[in-house]
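Please read the structure below before turning to the comments.
The values are calculated or read from the model by the stated rules, or taken from the named source; none is laboratory data. Because the structure is a prediction, the values reported are computed rather than measured. Because the Cβ atoms are built from the backbone with ideal geometry, glycine has one as well, and the counts that use them run over all protein chains shown. Remember, those area values only see protein heavy atoms, side chains included, never the ligands or the DNA or RNA. Shrake-Rupley method; radii C 1.70, N 1.55, O 1.52, S 1.80 Å.
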Amino acid sequence: MNKFMNVEELDPNNVDHDQSEKYPLVIENGTFSWGSHEAPILKNINLNLAQGTLVAVVGTVGSGKSSLISTFLGETDKLCGRINTKGDLAYVPQQAWIRNATLKENILFGKPFEKSLYHRVIEACALKPDIEMLPGGDQIEIGEKGINLSGGQKQRVSLARAVYYGADVYFLDDPLSAVDSHVGKHIFDNVLGPSGMLRKKTRVLVTHSITYLPEVDLIVVLKDGEVTEKGTYKELLEKKGAFADFLMQHLQEIGIENTSPEADGLIGIEDLQEKLTRAISRESGSTGDKISRHGSLKRNLSMDSCDSSSLKQMNSGSLRALYMDKEPEDISLLGEKSH
Ligand SMILES: Nc1ncnc2c1ncn2[C@@H]1O[C@H](COP(=O)(O)OP(=O)(O)O)[C@@H](O)[C@H]1O
Ligand SMILES: [Mg+2]
């Protein structure tokens, strides 16, 4: 707590907000750190993300995916380069948070109730069955004084809040990591993906799931804080670079064994694609064996958390991004109680 209270004030000039910029999200030769005297955590970043595109950010744990989002939110220190964001930003953090309030209030979050929008959001975020089952429906108190939601339910409430808010740009930090795969598919199809509610918004989606990568407009591969590759799914597969490595690593994690690599030691595209097809059909298939298949993935995710002080910082960042007219202190923050 002490550490949190004593953190340096962030430089508000870190991120420019020039609304005449062509692209909503721009970083030019950007190098960033967590703390002005710390070593860079993101190096030589060059990104021009176009309006209305869905951009996936992939990479192993600690490669800097969450830091990249924090950077767009102005939470890191800029050591050099230029960064610009355009429009209203919404942030769905890796650790979903809940206010002590009713489920409905957690979604509206101070915005006026619009019945048809609210119901579309509930349906798209796959919350309808939960609400129907809860005593009191969406009037149920959640948080410290109410019931505890599961990790997956919290993620869906957190996403619903951002969708209902209606920003121009969405930062989504692995928002489907705790939901079952069939629910994840529903949410991708109805919210995040090319025919979802957010289809016209600029979306930056950090993901550990390979299932949706063929459907995104651009994939950015991070490794040790640097962008090693960017391109479409097809382009990256054909390059056999870090992206193909990432996929192979992921396939091993979910237990699709590395069979015959080619004589030159590289994995053939057809071989890789065949394995991917198998993996994807398994990922989006039944959820019964999800835990075992994602065992190592889950372990990675649980290692993927930062200490509670930085978590609070990220939480207040999310509030700032969602509610720029309110001070984060106005809103009580809740740590994770259950998962
Ligand atoms: N809020 C934060 N405050 C301080 N350091 C952070 C924060 N978030 C991440 N880091 C550090 O940045 C590095 C990259 O982590 P992160 O961006 O979380 O990677 P990823 O999301 O790809 O797993 C790690 O060393 C991590 O400890
Ligand atoms: Mg992360």
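Go through segment 10-126 and tell me which strands (runs of 3 or more DSSP E), entirely inside it, have 2 or more residues that are away from ligand 2 (no atom under 16 Å from the Cβ), open to solvent by less than 40 Å² (accessible area, probe 1.4 Å) and of a type outside the set (Ser, Thr, Tyr).
25-33, 40-49, 77-85, 89-92
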Original post:
Out of curiosity, is ARG156 in contact with a Cys (Cβ under 6 Å, 6 or more places away or on another chain) and either within 16 Å of ligand 2 (Cβ to nearest atom) or open to solvent by 10 Å² or more (accessible area, probe 1.4 Å) (or both)?
Top reply: yes
Subject >> Scan of segment 194-209 for residues that are away from ligand 1 (no atom under 16 Å from the Cβ), open to solvent by less than 20 Å² (accessible area, probe 1.4 Å) and touching a residue at least 60 places away in the same chain (Cβ under 8 Å), ordered by number >> reply: GLY196, THR202, ARG203
Subject >> Options VAL221, VAL227: the member that is open to solvent by less than 20 Å² (accessible area, probe 1.4 Å), within 16 Å of ligand 1 (Cβ to nearest atom) and not in a helix (DSSP H, G or I) >> reply: VAL221
**OP:** Considering every residue within segment 169-178, establish whether at least one is over 19 Å from SER66 (Cα atoms) and among the charged types (D, E, K, R).
**Re:** no
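Quick grid of which residues meet (1) under 24 Å from THR202 (Cα atoms); (2) modelled with pLDDT of 95 or more; (3) in contact with a Gly (Cβ under 7 Å, 6 or more places away or on another chain):
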| position | (1), (2), (3) |
| --- | --- |
| ASN14 | yes, no, yes |
| ILE27 | yes, yes, yes |
| GLY35 | no, no, no |
| VAL55 | yes, yes, no |
| SER66 | yes, yes, no |
| TYR91 | yes, yes, yes |
| LEU103 | no, yes, no |
| ASN106 | yes, yes, no |
**OP:** Mind counting the residues in segment 127-147 that are open to solvent by 90 Å² or more (accessible area, probe 1.4 Å) and over 13 Å from ILE98 (Cβ atoms)?
**Re:** 5
**OP:** For segment 91-131, enumerate the residues that are in contact with a strand residue (DSSP E or B) (Cβ under 9 Å, 6 or more places away or on another chain), β-branched (Val, Ile, Thr) and more than 16 Å from ligand 1 (Cβ to nearest atom).
**Re:** ILE98, THR102
**OP:** Check whether at least one residue in segment 135-151 is in contact with a Gly (Cβ under 7 Å, 6 or more places away or on another chain) and over 23 Å from LYS65 (Cβ atoms), and report yes or no.
**Re:** yes
